Every structure is written in C-alpha cells, then in structure tokens.
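Enquirer: Have a look at this one before I ask anything.
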Amino acid sequence: MSRFRKEGKSEVPAISTASMPDIIFMLLFFFMVTTTMKETNVMVRNTLPVAAEIEKLEKKSLVSFIYAGPPQNKAVYGTEPRIQLNDRFASVSEIQEFVTQERDARDEVDRKLITTSLKIHYETKMGLVSDIKQELRKAGAFKINYSTKRLVTRR
Amino acid sequence: MARKTPEVNAGSMADIAFLMLIFFLVTTTMDVDIGIIRQLSPPPPKDAPIPDINKRNIMTILVNSQDALMINGKPADINTLKADVKDFMSIHPDDPAYPVIETKSFEFLGEIQVSKGIISLKSLRGTSYEMYIKIQDQIAGAFTELRNDLAMQKFGKKQDKLVDPNLVDAINKAIKLSVSEAEPEDIGGK
C-alpha cells in the first residue's frame, strides 16, 4: 500500500493544442479541392428545381451562365423575375450581345461547344424562360442546359 | 559548434491556417453543374412551310397556367406521364392508335424497328418553370427506359452498364429524343 501512494494531488493536464493547425490545414485543403472560385455574385433568388435525368456539364470553361429569378433585394429591385447576365441585371434584348461576348472570349475551336446554362428559380413563369430561349436561338446558342438539383429518390 | 536556435513559435501557424480557411470559405462556391442538357432548334426562316405530320405520330402535351396537364386533349396526371410517353413511343405493330413504325438498320444493332412518334410540348406563359422541368424530366425518363429496354434486348445489359461507347452511341442514335416545343401562348395572362 505504501508503494502506490499517489504523489500529491496532480491537476488534469491541459489538452494539447499542438494538432490544431493540422486539423485546420486538413479542412483548408478539403475546401481548396472541392470548391471553385465564385465568378459572379448572384443577385436573384435561385432555388433550382429538381430532376432525375441529369447530366454533369463536362468542361466548366465552356459554360456561360444566365441567372433568372426574383431579385434578392426586394426593396430596391422589386419582386418581378429578372435576368442576370455576368454581374448585373439585364433585359431579354441584351442576351444576344451577351452570347456574342461569350463567344468572342473563347477560342475559335471551342465556340461551337459552348453550353449556356440556365439557372432559373423554380417559381419563374415560362413566359420569361421562353423569351430567353428565343433570344438564344436567334443568337445561335443552341446547346443549353436547364440547371437543376439532383432528385433523390427514396427507395 | 551548433548553437541551439530557439524554436519557432508554432502558435501563430493556427492563426494563419484559420485566415486562409476563412478566405476560401468566403470566395468559393461548391456549385456542381448538373442539369438537363437540351439542343435548341434554329429559328425557322420566315416563309418556312409547316411540315405535314401524320396526326397519329404526335402526342400533344399541354400545360396551362395552373400547371394542369392535358395529353391529346384529355386531362392527365404528371405521375403517369413517363409511362404514357414510354407506351406511346414503344413499338406496337399494326396498331393505328400508335405512331407509324419503320425498319431502319444501324451499325452495331442491325435492323430494328423505330417509331416515328413525336412528343409535342406546349406550355402557356403562365406555366411554372418547375412544372416544365418535371415534364421534361419525365419525358427524358421515358426515353431512358426505352433505351435501356433496347440495350437489354440487344446486348443483355442496361445502357448505362454498357462498356463500349460505340454501342451507347448506336442506341442513342436509334432512339432519338424527339420532342418538339411550341412557342408559349399568352392565354389567361401570367
């Protein structure tokens, strides 16, 4: 009994924080690998509809985006659905110019492979969507993608 | 004679890591770009004649501003749309209620029967985009099932399990997505 006497009261040792930088670096590398730099600030509400028959867009560099939906800042811009091209609101008539710009920004070879991705809020009415599609047809941008979220079927 | 150099204080390494993490959290998105890919048709020239299509080859899908569905003039349900489209586009030999069937030959597949059916989709300006996407999704689902059936029949495997891309292409060519969309009308306003 005398051999195993506790040598005085010892405090619980403080938790070592030496591994904290390692954990943070791991998190950092995770985000660096799985994310892409945001290109534009989306100013419209953009909850996408869901669909099951979807495909992944292969080359991100060959995709141009058109956002449509009710503006996030209701007080300033109202509740009517708007189109956003690049960083600002635009009207339907500006779509042809936008397509030409996007085409010029890319190589000759890639021009035919450009896909226009339509990120449209699910509550938008088809009137606006069909106007966008008409302008895209007139501008010659035939390959389009209706951006959706994946429908998860519960078995 | 190596002097013992003082250890670099590693306490600030965590701060640097936090700063970089917050930078990346703020400036990046985890957007996965997925969706339904479609090919639009070129705008028709002003004086193009309206092509004459046999009525039995067309399945008319109408959606109104209340998102109510109508197939060939009869009210229909979105949940049965995929089955209805698949049934319409399947091969029903010698049945006048279904589209005309023709025999074509394809590489890797040989002679197969293809349906000349066309799905005609018309929505009003007041239809919601969500309903439109649901319909597109159901139609695409029907065609995928038809393609899987053909792949199963010819190669014993579903189309997404086929290894040879030539076979996948051949099936896609044999069963083409034949959807025709009309300009939305403005009946009943938004």
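The values are calculated or read from the model by the stated rules, or taken from the named source; none is laboratory data. This structure is a prediction, so every number in the text was calculated from the model and none was measured. With ideal geometry, Cβ positions are generated from the backbone for all residues, glycine too; neighbour counts draw on all protein chains shown. Ligands, DNA and RNA are excluded from the accessible area calculation, which covers all protein heavy atoms including side chains. Shrake-Rupley method; radii C 1.70, N 1.55, O 1.52, S 1.80 Å.
Enquirer: With unit charges on the beta carbons (Lys and Arg positive, Asp and Glu negative) and the dipole taken about the Cα centre of region A:77-155, which residue among A:THR124, A:VAL99, A:TYR77 sits farthest to the positive side?
Expert: About the Cα centre, the residue reaching furthest to the positive side is A:THR124.
Enquirer: Oh, and also: Under a point-charge model restricted to the Cβ atoms of Lys and Arg (+1) and Asp and Glu (-1), what is the dipole moment magnitude of chain A relative to its Cα centre, in debye to the nearest 20? Let's see the in-between values first.
Expert: Values: 26 positive and 19 negative charges, 172 e Å.
Dipole magnitude for chain A comes out near 820 debye.
Enquirer: So, one more: From the phi angles alone, apply the Karplus equation (6.51, -1.76, 1.60; θ = phi - 60°) to region A:72-88 and give each ³J(HN,Hα) in whole Hz, x where the residue is Gly or Pro.
Expert: Karplus-based 3J(HN,Hα) across region A:72-88 equals 6, 9, 4, 5, 8, 10, x, 10, 5, x, 10, 9, 10, 10, 6, 10, 9 Hz.
Enquirer: Could you state the accessible area per residue of region A:103-155 in Å², with a 1.4 Å probe and every protein chain left in place?
Expert: Details: 2880 Å² over 53 residues.
Ligands and nucleic acids excluded, the figure is 54 Å² per residue.
Enquirer: Once neighbouring chains are kept in place and the probe is 1.4 Å, which whole percent of the accessible area of region B:1-98 is contributed by carbon and sulfur? Please list the in-between numbers first.
Expert: Numbers: 4430 of 7220 Å².
It is 61 percent, rounded to a whole number.
Enquirer: Further question: Between the helical axis of B:165-174 and the dominant principal axis of chain B, each derived from Cα atoms, what acute angle in degrees is found, rounded to the nearest 10?
Expert: 40
Enquirer: With viscosity set to 0.692 mPa s at 37 °C, what whole-number translational diffusion coefficient in µm²/s follows for the protein assembly as shown from Stokes-Einstein and a Kirkwood radius over Cα pairs? It would help to have the intermediate numbers written out before the result.
Expert: Numbers: Rh = 24.4 Å.
Diffusion coefficient, whole number: 135 µm²/s.
Enquirer: Report, to two decimal places, the Cα Rg of region A:62-125 normalised by 2.2 N^0.38 Å (N = number of residues).
Expert: Numbers: Rg = 13.4 Å, N = 64, 2.2 N^0.38 = 10.7 Å.
So the Cα radius of gyration is 1.25 times the expected 2.2 N^0.38 Å.
Enquirer: Got a sec to turn the phi values of region A:95-101 into Karplus ³J(HN,Hα) couplings, 6.51 cos²θ - 1.76 cosθ + 1.60 with θ = phi - 60°, whole Hz, x for Gly and Pro?
Expert: Result, rounded to whole Hz: 5, 4, 5, 4, 5, 4, 4.
Enquirer: Over the protein assembly as shown, what is the percentage of antiparallel beta bridges among all DSSP beta bridges, to the nearest 5? Could the numbers behind the result be given before it?
Expert: Values: 30 of 51 bridges.
Taking every DSSP beta bridge within the protein assembly as shown, about 60 percent pair in antiparallel fashion.
Enquirer: Let me ask another. Please give the net charge around A:MET43, taking every other residue with its beta carbon less than 10 angstrom from that of A:MET43, where Lys and Arg add +1 and Asp and Glu add -1. Working shown, then result.
Expert: Details: positive: A:ARG45, A:ARG82, A:ARG88; negative: A:ASP87.
Residues close to A:MET43 contribute a combined charge of +2.
Enquirer: Now for a separate question. Quick check on region A:1-112: what are the equivalent-ellipsoid semi-axes from the Cα gyration tensor, as sqrt(5λ), descending, whole Å?
Expert: Sorted largest first and rounded, they come to 55, 21, 14 Å.
Enquirer: Chains A and B: what accessible area do they bury, summed, in square angstrom to the nearest 100, with a 1.4 Å probe? It would help to have the intermediate numbers written out before the result.
Expert: Values: alone 12570 and 14250 Å², together 22140 Å².
Interface between A and B: roughly 4700 Å².
Enquirer: Quick one: which bits of region A:40-74 get at least 50 Å² less accessible when the partner protein chains are in, versus the chain alone, with a 1.4 Å probe?
Expert: Residues meeting the cut-off: A:GLU53, A:GLU55.
Enquirer: Excluding A:SER130 itself, calculate the net charge of residues whose Cβ lies under 9 Å from the Cβ of A:SER130, where each Lys or Arg counts +1 and each Asp or Glu counts -1. Please list the in-between numbers first.
Expert: On the way: positive: A:LYS133, B:ARG125; negative: A:ASP131, B:GLU181, B:GLU183.
Taking every other residue near A:SER130 into account, the sum is -1.
Enquirer: Determine the gain in length on full extension of the stretch B:PHE108-B:ALA76; use 0.36 nm per residue of separation and subtract their C-alpha separation, reporting nm with one decimal.
Expert: On the way: separation 32, 0.36 × 32 = 11.52 nm, distance 3.79 nm.
Full-extension gain reported as 7.7 nm.
Enquirer: Which residue, chosen from A:VAL63, A:MET37, B:THR127, occupies the Cα position most advanced towards the positive end of the dipole of the protein assembly as shown, where the dipole is computed from +1 (Lys, Arg) and -1 (Asp, Glu) charges on Cβ about the Cα centre?
Expert: The residue sitting most towards the positive pole is A:MET37.
Enquirer: Using a Gaussian network model of chain A with C-alpha springs under 10 Å, which one of A:PHE31, A:PHE65, A:PHE89 is most mobile by mean-square fluctuation?
Expert: The residue that fluctuates most here is A:PHE31.
Enquirer: Please report the antiparallel percentage of the DSSP beta bridges confined to chain A, to the nearest 5. Don't skip to the answer; put the middle values down first.
Expert: On the way: 8 of 19 bridges.
Just about 40 percent of them are antiparallel.
Enquirer: Do you know the relative contact order of region B:7-157, to the nearest whole percent, from alpha carbon pairs under 8 angstrom that are 6+ apart? If you can, show how the numbers build up before the last one.
Expert: Values: 134 pairs, mean separation 35.7, N = 151.
Relative contact order here is 24 percent.
Enquirer: Is there a quick way to get the dipole size of chain B? I mean about its Cα centre, with the Cβ of Lys and Arg at +1 and of Asp and Glu at -1; what is the value in debye to the nearest 20?
Expert: Dipole size: approximately 280 debye.
Enquirer: Can I ask one more? How large is the charge dipole for the protein assembly as shown, taken about the Cα centre, if only the Cβ atoms of Lys, Arg (+1) and Asp, Glu (-1) carry charge, to the nearest 20 debye?
Expert: Values: 48 positive and 45 negative charges, 227 e Å.
Approximately 1080 debye in magnitude.
Enquirer: In terms of modelled amide H atoms, which long-range or inter-chain residues lie less than 5 Å from the amide H of A:LYS143?
Expert: Correct list: A:THR116, B:LEU40.
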